[in-house]
1. For the pair residue 109 and residue 2, what calculated FRET efficiency results from E = 1/(1 + (r/R0)^6), where r is the Cβ-Cβ distance and R0 = 25 Å, to the nearest 0.05?
2. What 222 nm value per residue comes from the helices of the chain, counting each DSSP H run with n ≥ 4 as -39,500 (n - 2.57) and dividing by all residues, nearest 500 deg cm²/dmol?
3. Under a crude label model (7 Å from the Cα following the beta-carbon direction), how far is residue 26 from residue 9 in nanometres?
4. For labels at residue 99 and residue 33 in the simple 7 Å Cα→Cβ model, what's the distance in nm?
5. Separation between the residue 71 and residue 42 pseudo-spin-labels, each 7 Å from Cα along Cα→Cβ, expressed in nm?
6. Where does helix 107-120 land angle-wise versus the long Cα axis of the chain, in degrees 0 to 90, nearest 10?
């Protein structure tokens, strides 16, 4: 399946082929849990590391803004097509349209944002 990968560490956007499996998505995002914060008008969906704000500075993989989303996104992104039935399919967007929506964040700025955002996260542990 052809998708678009946003490589925020190397500041590139390219087509990649992935298997239509969860394992393949995890591998390309280099994460253990993902979320989909943005669905485009054509149903292409942005997948990112759901724990991107929790990474250690040693594991920093870059950051980017996507369109008018309210905060930086940390790590890699995958844009995967979605059928009307909710199945993953080849991406419909082209590289040029995605490039116009992505702004890569310089590393120093990204690390600053990451540390500031982590300082503002209020962790609570609940036991029952």
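What follows is calculated from the coordinates using simple rules that are stated; it is not laboratory data. The structure presented is a predicted model; accordingly, all values stated were derived computationally and were not measured. Heads up, the Cβs are rebuilt from the backbone with ideal geometry, glycines too, and the neighbour counts pull from every protein chain shown.
1. 0.20
2. On the way: 3 runs with 27 residues, N = 128.
Mean residue ellipticity at 222 nm (helix-derived): -6000 deg cm²/dmol.
3. 1.8 nm
4. Here the modelled spin labels are 3.6 nm apart.
5. Here the answer is 2.9 nm between the modelled labels.
6. 60 degrees
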